[in-house]
């Protein structure tokens with residue numbers, strides 16, 4: 001490896017990276033992109049992204065028009081997970097190349113704060129895809145709704161709260177569970193509820209650093 | 001590209017007006033532009049005098065209260081729209097919108113609204129209606145009945161109601177071409193025994209020849225029978241759409257000095273001819289009105305001819321329902337016809353026995369017939385009370401009246417009132433008693449109530465004198481109130497019974513449907529919505545010692561008078577009851593049954609919402625009963 005050769009990146013990546021420079025947005029204008037990925041399995045080293053779904057939150061409302069839903073064509077196929085996400089290897093849904101999906105995703109999350117339920121996994125999956133494209137990792141600030149839930153309570157526990165559990169606890173009707181978009185939407189509703197709880201707990205307007 | 005979230009939003013919206021009127025594509029477009037808001041309980045969406053948000057709102061989950069100051073003007077839940085008026089007026093908000101429980105609310109921009117208004121007349125109509133109504137709350141006096149079927153816009157007037165019926169025109173008009181020879185046209189008219197023939201071109205009416213033209217133009221020698229019809233036809237013709245009412249037809253005939261109107265698909269001469277309406281048709285229709293029917297009933301000499309008259313009444317009922325004549329007015333007319341039929345049958349039955357009744361008696365309609373709330377032909381419920389006689393004449397008297405009652409029940413059956421499967425009929429020795437026996441029976445029911453006796457009270461306390469001695473009935477009523485006075489806890493038992501069917505909304509605001517049996521998944525409008533109101537009205541009226549008010553609507557009106565502080569609730573019960581009764585009648589006419597079980601899937605969402613709107617008063621009146629009769633510890 002040549003340590004002195006400064007690596008150059010494609011334009012779309014540069015634009016993405018640029019979007020974080022000198023940004024210190026107030027909370028009202030911060031764009032939260034809530035996302036979820038469906039994958040062939042749970043091993044980031046082997047498994048691949050099958051779909052990405054997002055919704056955005058701005059000014060504490062979900063903006064349906066600003067969302068992304070894409071399905072990725074993958075050679076690797078795991079029949080076992082089909083019963084979870086229902087995405088067939090061929091199937092009738094229009095699929096795109098992984099690099100195409102990542103480009104769309106990067107464009108979509110420019111300057112945004114990323115939100116997901118147990119975000120570490122989803123981010124790892126995206127980073128693996130970036131690595132395959134020879135690109136650096138994601139730069140966004142990250143919010144995990146699993147952790148956010150714990151912040152709204154005084155207890156610090158290590159329990160793992162599943163999306164299903166939280167939707168049940170917070171009385172959110174579950175539709176389209178285990179589709180990336182559906183889960184992203186449910187996560188977004190949870191996020192709004194948690195933000196409201198957090199605000200109540202802090203008894204003041206929230207700041208970005210609270211998340 | 002697939003859009004799961006927009007699809008989900010579309011699925012929700014498409015169930016509610018005005019969105020149900022939009023095309024899938026329009027709706028999908030709207031769904032992709034929705035913003036989703038989470039509103040905590042007691043948080044505001046907008047406040048009075050706040051500047052306009054550039055959007056209106058639809059409740060997805062939860063409930064939003066619309067407040068004027070501190071008073072709740074309207075409560076919006078699932079599928080309800082709010083924030084629309086300010087947006088249409090392009091003005092500040094006049095009211096507050098605050099979450100009553102935690103809610104998820106969709107917002108849509110004014111752009112979306114404009115698109116709906118411009119592109120879809122049906123949706124447009126709904127928006128204008130809700131704009132014009134201010135709110136949908138059946139509780140607030142000023143808005144009553146606005147989005148609900150216009151129950152009170154027609155003043156009941158026995159002389160004029162035929163006029164608003166739609167006119168029955170002849171559906172297969174006799175037609176010919178412009179170049180048809182007059183003689184040929186006349187041969188067709190003679191063969192078909194009609195007084196007019198319409199000249200058409202491309203199925204559109206261009207002229208008409210009537211008997212009068214033949215008299216004035218042929219018989220006078222002005223034209224010969226070998227000319228073409230075109231030379232003598234009257235043109236242009238006067239056209240109307242098929243929705244024409246009797247009144248419109250009469251006015252048009254008078255104004256144009258003509259005796260025939262052409263009915264075309266869109267009401268203009270430029271659309272297809274589908275019928276013809278003659279003066280004669282109008283005269284025949286005037287013959288089909290209640291006063292004529294009642295005259296016919298009085299002249300009838302057999303149950304069979306009464307059956308025929310009752311069938312005509314059924315036709316009337318259908319017309320009234322279609323024409324949105326106020327339901328209480330319809331109920332009065334149908335009851336009057338039923339009463340007249342029953343009276344006639346009683347007289348015929350006495351004649352048949354060839355022996356006058358030994359003492360005076362009274363024939364009572366009970367249950368829904370007694371309340372004058374029975375619009376459809378259902379099974380009969382009746383009872384007979386006769387004057388007390390000395391012990392030695394008792395047996396003979398009883399057997400006379402049982403025989404009479406049997407004759408009456410059978411004839412009513414011939415007319416179309418099925419025999420009561422539970423045998424709640426005067427021919428049953430249990431319900432054919434002397435006044436003293438009735439009084440003892442009522443006293444026993446009231447002072448030793450159990451489940452069955454309460455049920456009997458519910459049926460028999462709604463009696464209505466159809467024929468006979470009024471004093472006997474008065475005596476019975478007085479004894480009921482005396483017995484209740486002496487044993488007041490009876491009312492609590494009745495109250496408990498009145499709550500046996502809870503208000504028909506489940507926790508998630510869905511309809512409660514039958515979960516088993518023949519009517520699985522259907523909505524039992526009688527047991528779940530109508531009876532709770534009927535039972536509540538009866539109980540409350542009894543508790544006020546109010547005699548002789550038998551119909552549920554009259555009872556609630558009376559209650560509103562006695563308790564002005566609860567007037568709003570009683571009035572909303574009246575409007576709910578009217579809607580429910582109309583609904584049931586419509587369903588019954590449509591499906592040719594009692595209308596009791598409704599397949600919710602067959603209803604439009606607007607109708608479903610309308611039905612749901614009736615449930616709040618049911619819940620509220622049940623809550624009132626709970627408190628007033630201290631039922632929480634009994635339940």
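Things to note:
- Breaking point among (1) within 14 Å of residue A:112 (Cβ to Cβ); (2) more than 12 Å from chain B (Cβ to nearest Cβ); (3) surrounded by fewer than 15 Cβ atoms within 10 Å (Cβ to Cβ), for residue A:19: (3)
- Among residues of the stretch A:173-194 that are at positive phi and more than 9 Å from chain B (Cβ to nearest Cβ), those with a beta-carbon under 9 Å from a residue that is surrounded by fewer than 23 Cβ atoms within 10 Å (Cβ to Cβ) and in a helix (DSSP H, G or I) at least six positions away or on a different chain give the pairs A:178/A:84; A:178/A:85.
- Residue check: residue A:157 meets all listed conditions (1) under 20 Å from residue A:114 (Cα atoms); (2) surrounded by fewer than 13 Cβ atoms within 10 Å (Cβ to Cβ) but one, namely (1).
- The stretch B:553-569 residues that are over 21 Å from residue B:329 (Cα atoms), paired with ones that are assigned to a loop (DSSP other than H, G, I, E, B) (beta carbon under 7 Å, 6 or more apart): B:562/B:544; B:568/B:139
- Only a single item in (1) touching a helix residue (DSSP H, G or I) at 6+ places or on another chain (Cβ under 7 Å); (2) assigned to a helix (DSSP H, G or I); (3) more than 8 Å from chain B (Cβ to nearest Cβ) is not met by residue A:168, and it is number (1).
- Helices (runs of 4 or more DSSP H) completely within the stretch B:544-635 that count 3 or more residues being out of contact with any strand residue (DSSP E or B) (no Cβ under 9 Å at 6 or more places or on another chain) and closer than 30 Å to residue B:470 by Cβ: B:552-562, B:567-591
- Once the stretch B:438-469 is narrowed to residues that are part of a helix (DSSP H, G or I) and surrounded by fewer than 16 Cβ atoms within 10 Å (Cβ to Cβ), the residue that is modelled with the lowest pLDDT is B:451.
For every residue, the table says whether it meets (1) within 17 Å of residue B:503 (Cβ to Cβ); (2) modelled with pLDDT under 90; (3) under 17 Å from the mean Cα position of the chain (by Cα).
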| site | (1), (2), (3) |
| --- | --- |
| B:556 | yes, no, no |
| B:562 | no, no, no |
| B:569 | yes, no, no |
| B:579 | yes, yes, yes |
| B:583 | yes, yes, yes |
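- Flag set for residue B:360, criterion: touching a residue at least 60 places away in the same chain (Cβ under 8 Å), surrounded by fewer than 22 Cβ atoms within 10 Å (Cβ to Cβ), touching a helix residue (DSSP H, G or I) at 6+ places or on another chain (Cβ under 9 Å) and over 16 Å from residue B:340 (Cα atoms).
- Pick from the stretch A:40-56, criterion in a loop (DSSP other than H, G, I, E, B) and in contact (Cβ under 8 Å) with a residue 24 or more places away in the chain, ranking: surrounded by the most Cβ atoms within 10 Å (Cβ to Cβ): A:40
- Candidates B:91, B:115 - the one that is in contact with a helix residue (DSSP H, G or I) (Cβ under 9 Å, 6 or more places away or on another chain), within 30 Å of residue A:71 (Cβ to Cβ) and modelled with pLDDT under 85: B:115
The values are calculated or read from the model by the stated rules, or taken from the named source; none is laboratory data. Worth saying up front: this structure is predicted, and the values here are computed from it rather than measured. Cβ coordinates were reconstructed from backbone atoms using ideal geometry, including for glycine residues, and neighbour counts include every protein chain displayed.
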